[in-house]
Amino acid sequence: MADSQIDSVLKESRSFPPPQAFIDNANYKPADIEQLYTSAAEDHTGFWAAQARRHLYWHQSFSSVLNDSNAPFFRWFEDGELNASFNCLDRHLPERADQTAIIFEGDDGEVENVTFQQLYERTCRFANALRSNGIEKGDRVVIYLPNIPQAVVAMLGCARIGAIHSVVFGGFSAVALRNRIQDAEAKAVITADGNYRGGKLVQLKQTTDKALEEGCDCVETVFVYRRAGNDIKMTPDRDIDWAQAVADQPAECPPVNVESEHPLFILYTSGSTGRPKGIYHSTGGYLLGAICTCRWTFDLGDQDIFWCTADVGWVTGHTYIAYGPTACGVTQVMFEGVPTYPEPDRLWAMVKRHGVSVFYTAPTAIRALMRQGDQYPQRHDLTSLRLLGTVGEPINPEAWMWYYQVIGGERCPIVDTWWQTETGGHMITALPSYTETHPGSVSKPLPGIAADILDESGQRVEDAHAGGYLVIRKPWPFMLRGIWGDPERYQETYFGMFDALTYVAGDSAQRDHEGNYRILGRTDDVLNVSGHRLGTMEVESALVAHQAVSEAAVVGRPHDIKGEAIVAFVILKAGAQADGLADELRSWVAEQLGSIAKPEEIRFTDGLPKTRSGKIMRRLVRSVARNEEITQDTSTLENPQIIEQMQAEEVR
Ligand code: WT7
């Protein structure tokens with residue numbers, strides 16, 4: 001076995017064909033999907049050109065499809081011109097002016113329906129306000145708002161005048177906000193006084209003021225939306241009340257048509273590895289990806305009420321709240337609060353209340369709600385659901401089955417979507433009327449996505465039990481266009497390993513004989529035990545399959561003989577006893593995966609260091625396991641205090 005391969009030891013044989021009832025009502029039938037695959041395979045660029053003509057309104061149509069003369073700096077549809085907000089709003093008005101665009105539910109339960117006409121008018125007014133305050137095409141605007149419709153208005157308002165937005169998640173600290181403002185040299189910040197999440201006040205304006213205390217001379221204007229009504233300090237000549245800024249603005253604003261390659265937004269990645277990177281995306285290619293994936297993966301159509309539970313602060317909220325559903329003219333739910341407030345049935349109550357048909361969330365939320373017990377979903381009639389999706393990390397088969405049975409009533413296909421901030425939209429996923437799904441597998445690459453798995457020497461990995469580097473071998477329209485201000489880092493990070501055409505995702509993956517992919521984890525996280533390379537995900541998945549375990553994180557620690565020894569940090573379910581359990585769990589993993597995967601050490605803990613988007617920061621876990629001093633920035637952690645607690649845990 002080659003050194004660069006990653007052994008896959010998890011066995012999963014359950015499979016679920018698309019239910020006939022789903023196929024009967026699908027917008028994209030199996031034959032339509034088949035057709036997409038065939039035409040994409042015949043002519044990669046021709047396929048994407050046809051999709052771009054079909055799904056986007058171009059102010060000026062394109063003749064150049066892909067310019068790859070300066071790879072990896074690719075240009076798609078480069079002589080085309082369009083406006084993203086026009087595509088999300090104006091073009092729907094003849095048919096959908098009075099259709100609800102956003103069903104908004106606040107933290108406290110208030111509900112507001114915003115029609116496409118209203119969203120259009122609010123966006124135009126706000127775009128005019130931006131312009132009146134000197135914001136122009138190409139200027140950067142940082143958005144630091146709660147997950148409320150005004151965030152979508154702010155994003156589409158920027159896009160309308162060609163300004164480049166950079167949304168910063170409302171849970172981030174002043175330091176994280178400041179770094180992002182400085183890196184993008186933002187001319188304006190859009191924030192709110194504060195908002196309630198889970199009944200607790202989040203002081204957005206106060207944090208913004210603190211961020212702006214140092215080294216942010218680039219910021220000329222701060223727009224402040226009044227959401228919570230909490231006391232705030234307004235700085236004269238800098239801070240403007242949103243309501244005042246839009247009060248006298250016309251409800252029309254001619255869209256600024258931009259070149260297809262004009263940056264639509266910058267988004268800093270969640271930072272589970274290294275210093276944050278300002279990933280930026282193009283206008284035409286990105287929007288095309290948002291639309292195609294909403295249509296193909298989520299099968300969205302006029303019958304749907306779509307709900308993506310992400311926050312607009314993440315790429316998921318960009319593509320599957322602000323841009324995708326709006327560009328498709330689909331009604332969606334947007335939620336300000338948290339899944340467990342006021343009670344752990346909040347999401348399920350909302351599915352029922354708003355008649356949600358397509359529901360998209362993260363494995364971390366599924367696991368957390370599964371831990372609360374079946375009585376919460378059972379309180380509500382969930383039969384409006386027809387399709388379920390997941391994103392963000394590998395979903396362990398246990399959680400997949402729970403989602404399938406308890407939430408989907410064994411009626412709804414599950415689309416486990418693999419993608420990244422960098423990829424802009426779904427890349428590898430099941431297509432619901434077409435794909436036979438397997439718990440824990442992300443299925444197959446989408447039409448027009450040239451995914452592959454390579455070993456260190458660049459050879460394709462054919463062995464179904466071996467893993468390797470997940471790569472994309474051809475450019476696609478919605479790929480990132482760069483790291484803001486750092487072209488070398490872009491080139492090195494994503495195209496430095498094989499060649500200038502081969503995008504390296506940074507994940508390890510494995511592919512079975514039918515071509516189904518399984519994500520094994522980040523390549524930085526791969527364990528090397530006695531020459532066997534194991535993904536962290538399989539060991540974690542085996543641990544959470546034990547009835548006493550609710551969550552687990554697995555890392556390697558140098559070991560004289562084995563190279564690396566596996567250390568597992570384990571969170572137990574309520575009521576489970578740690579006594580004697582460590583040995584039981586070690587044997588359990590050995591039984592499930594083989595003795596090679598048996599953890600050397602099990603440590604019980606109450607929590608794990610997670611990014612705000614719910615990803616375990618394994619670099620930190622690794623430092624704890626190795627008893628190293630923590631020198632990394634922990635300010636973007638959801639729960640910074642957990643590190644000390646983990647360091648203090650006794651070893652069993
Ligand atoms: C990383 C990207 C994409 C939106 C949210 C996260 C992991 C993502 C899956 C999945 C297994 C997944 C990968 C990827 N990931 N989706 N379905 N199965 N792993 O965006 O913060 O850019 O993270 O999340 O490791 O590289 P992101």
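Quick notes
- Neighbourhood net charge (12 Å Cβ-Cβ; Lys/Arg +1, Asp/Glu -1) for Trp58: 0
- Rounded to the nearest 20 debye, dipole of the chain from Cβ charges on Lys, Arg, Asp, Glu: 520 debye
- 12 Å beta-carbon shell around Ala399, net charge (K/R +1, D/E -1): -3
- Using θ = phi - 60° in the Karplus curve 6.51 cos²θ - 1.76 cosθ + 1.60, the 3J(HN,Hα) couplings for the stretch 310-320 round to 5, 9, 4, x, 10, 4, 4, x, 5, 6, 10 Hz; x is entered for Gly and Pro.
- Centre-to-centre, using Cα atoms only, the stretch 315-383 and the stretch 532-608 are separated by 31 Å.
- Shape category assigned to the stretch 526-648 from the gyration tensor of Cα positions, a/c cut at 1.5: oblate
- Set of aspartates and glutamates near Lys352 by C-alpha distance (under 19 Å), chain-local residues within fewer than 8 positions excluded: Glu105, Asp107, Asp108, Glu110, Glu112, Asp302, Asp304, Glu336, Glu343, Asp374, Asp381, Glu410
- Packing, as the average of other Cβ atoms within 10 Å across residues, places the peptides 332-338, 508-514 in the order 332-338, 508-514, highest first.
- Taking each residue as 0.36 nm, the span from Ala251 to Gln99 lengthens on full extension beyond its C-alpha to C-alpha distance by 52.9 nm.
- The stretch 462-507: GluC sites (Glu not before Pro) in DSSP loop, at most 14 other beta carbons within 10 Å: Glu462
- Only helical runs count toward this figure. For the chain, summing -39,500 (n - 2.57) over DSSP H runs of n ≥ 4 and dividing by all residues gives -8000 deg cm²/dmol at 222 nm.
- Long pairs among Lys187/Lys615; Lys205/Lys610; Lys444/Lys573, criterion Cα-Cα beyond 29 Å: Lys187/Lys615; Lys444/Lys573
- Using alpha-carbon coordinates, inclination of helix 174-184 to the longest axis of the chain, degrees: 60 degrees
- Inter-part distance where the stretch 25-59 and the stretch 395-413 are each reduced to a Cα centre, Å: 30 Å
- The stretch 223-255: trypsin sites (Lys or Arg not before Pro) in DSSP coil with no more than 10 other Cβ atoms inside 10 Å: Lys233
- Here Lys474 is the anchor, and the aspartates and glutamates within straight C-alpha reach of less than 13 Å, apart from those fewer than 8 places off in the same chain, are Asp43, Asp68, Asp452, Asp499.
- Count Lys and Arg as plus one, Asp and Glu as minus one, and take only other residues whose Cβ is under 9 Å from that of Met537; the net charge is then -3.
- For the chain, the longest principal axis of the Cα atoms and the long axis of helix 363-372 meet at an angle of about 70 degrees.
- Order of exposure, largest accessible area first, which applies to Ser357, Ser457, Ser173 with probe 1.4 Å: Ser457, Ser173, Ser357
- GluC sites (Glu not before Pro) restricted to the stretch 187-288 and DSSP loop, no more than 14 other C-beta within 10 Å: Glu213, Glu214, Glu252
- Across all Cα atoms of the chain, the radius of gyration (one decimal) and Dmax (whole number) stand at 23.9, 73 Å.
- Placing unit charges on each Cβ (+1 for Lys and Arg, -1 for Asp and Glu) gives the stretch 157-275 a dipole about its Cα centre, and among Ile161, Leu201, Val175 the Cα reaching farthest toward its positive end belongs to Leu201.
- Helix axis angle, 116-132 relative to the chain longest principal axis, alpha carbon, degrees: 70 degrees
The values are calculated or read from the model by the stated rules, or taken from the named source; none is laboratory data. Just so it is clear, the model here is predicted, and its values are computed rather than measured. Note that each Cβ is placed from the backbone with ideal geometry, even for glycine, and that neighbours are counted across all protein chains shown. Surface accessibility is based on the protein's heavy atoms, side chains included, excluding ligands, DNA and RNA. Shrake-Rupley method; radii C 1.70, N 1.55, O 1.52, S 1.80 Å.
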